[in-house]
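Let me begin by presenting the structure, written as structure tokens, before commenting on it.
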Amino acid sequence: MARRTRAGLVASRVTSTTTATPAPSPARVRGLPVATRPRFWLDFERSWASWVCFRFVFFGLHAIDAVLQLAHAPRYGAGDFNVTQIPLPLPDPSRVGMSFVYGALAIAFALLAFGVGVRALLPLAAALYSYAYFVSQLDSYQHHYLMCLLLVVLCFVPTAPTRTGADGRRWVQSWALRLALVQLAIVYLWAAVAKLEAPWLDGTLLTRQLRPDSSLRGVVSALGFATVAKLVLVTEATLAATVWNRRAWFVALPLGLGLHLGVEWMDLDIGLFSYYMLGSYLLVMPAVVPEGALTFGARALRPLATIPTTVWLVAATLALGVGVVMVARHPLPLGAATVVGLAMIAGAAIARRARGARGTAGVLGAGAAGFAIILGVLATTDTAPDHFRMWAGASRRMHLPTERAAYQGLLAVDPRSEYAHYYLGQLDLAAGAVDAARAHFAAGQRGAPTRARCYLAEAELLVGRGEVALAIAVVERGLTHAPADAELRARLARLRGTDAR
């Protein structure tokens, strides 16, 4: 038998393959050839401008929320007790450890909001966020579980536009964006399913959820609680069917925005959930932000481009340095988070070194914004005082040696705290430091002049020293600020009776 050459074999295989494979069928599906029909997952896309705006809003909210969660850090690991969400060998949480996690998340999310280091920092942020949720059942916000899922999914979104249209508009194509919207649809679906119960359908639960002083209660009452309850159920079911469907965005958008604005109007204790959901609708519309908006913004900032690069670099460095020093010196245990934050910023700057000094200045500016978010939230909310109050309360109930340190930390962020002065006075009194205790009680009276307990505590101290007349004067001083206080009135009557005897 004659041997066949390699060329002959290849030629025969090509010939057989060509003859065996029929020509593509011109069959059409929904009016489009099979080859050009958009694939549900792989061909889903949104405008790059919409993605950039969503990224800024979504991760910016996460940066703010991470700082707000610092108030809850002292609950974790208190008394060496913890129950995880899932049976995994996760590192045990603690007040300091969780403060580090939330501080590092705040800086990472701020960088992500500005598009810095997305490929590396988003998986890191997703891991830290998931740890913070799954490590303890103390985190009872169900939407934090949803955020864990979304953060993991968003790790797979491309970090640059995937195509540019004929009109110059840039698009990002990603199955992960479709999956994020499908995940929201699942949430809406099960929210609707959970409402298929008589207590919701007849309006009973809705009546209980609306506070008596809520302005929304009058509106709902006029429409009928049962009617509104059914409308909410229908709205959620409709959103489950439309929020992922690009052709039905004009249905999902008004329904979704109206639903979550109404939920926020109810003033429920659900953290930033409503804001997260409102921000997510930036991905529902195909092109909610026109490409021209980014171009217009770039043109508006064009005069800033004339500023020398050195000036930008110095300004960003100074802003970052000020933020680092102020956060590191804060009474909250944020030192480790500050160090890790600086490491993330340095890594991002090195990764962008090809963009020159302006790229470095941009990274440093984004890092400075992260530290500014931490300082801004701490300055405008009760997060820091709540952190120390929670630590002090847990320490007092469990008789831990950290009680005094917690009160002192509270005074560092709120020097007029009546709460801290009262309990420090009690600790000093128990330790025999009577003068120090009296000084704390007096400071507590100045911090909260209408509250009775510091007056009563000082009066009790003076009675124990036999100084009844001074005790009466203290109680009378309290009554000048709180004349209707029953405890002060009763104590004054008893003291006057004792003094008369």
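The values are calculated or read from the model by the stated rules, or taken from the named source; none is laboratory data. From a predicted model like this one, the values you see are computed outputs, not experimental measurements. For neighbour counting, all protein chains shown are included, and Cβ atoms are generated from backbone atoms with ideal geometry for every residue, glycine included.
One table, with the values for the structure above:
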quantity	calculated
Single residue of HIS399, HIS330 found to be at pLDDT 95 or above and either surrounded by fewer than 20 Cβ atoms within 10 Å (Cβ to Cβ) or not in a helix (DSSP H, G or I) (or both)	HIS330
Count of segment 131-143 residues which are closer than 22 Å to GLY370 by Cβ and more than 13 Å from the chain's Cα centre (by Cα)	1
Selection status of GLY97, in contact with a Phe, Trp or Tyr (Cβ under 7 Å, 6 or more places away or on another chain), more than 23 Å from ALA366 (Cα to Cα) and small (Gly, Ala, Ser)	no
Residue selected from segment 54-104 under the condition assigned to a helix (DSSP H, G or I), aliphatic (A, V, I, L, M) and farther than 22 Å from ILE270 by Cβ, by the criterion farthest from the chain's Cα centre (by Cα)	ALA78
Selection status of GLY409, within 21 Å of ALA106 (Cβ to Cβ), surrounded by 15 or more Cβ atoms within 10 Å (Cβ to Cβ), of a type in the set (Gly, Ala, Ser) and not assigned by TED's automatic domain parsing to the domain that holds PHE59	yes
Those residues of segment 145-162 which are touching a strand residue (DSSP E or B) at 6+ places or on another chain (Cβ under 6 Å) and either farther than 14 Å from TRP51 by Cα or touching a residue at least 40 places away in the same chain (Cβ under 8 Å) (or both), in sequence order	PRO161, THR162
So GLY464, is it out of contact with any Pro (no Cβ under 8 Å at 6 or more places or on another chain) and at pLDDT below 95	yes
Residue in segment 312-325 that is more than 24 Å from the chain's Cα centre (by Cα), modelled with pLDDT under 95 and within 29 Å of ARG46 (Cβ to Cβ) present	no
Looking only at segment 125-181, and only at residues there that are in contact with a Lys or Arg (Cβ under 8 Å, 6 or more places away or on another chain) and of a type in the set (A, V, I, L, M, F, W, C), the one that is surrounded by the most Cβ atoms within 10 Å (Cβ to Cβ)	LEU177
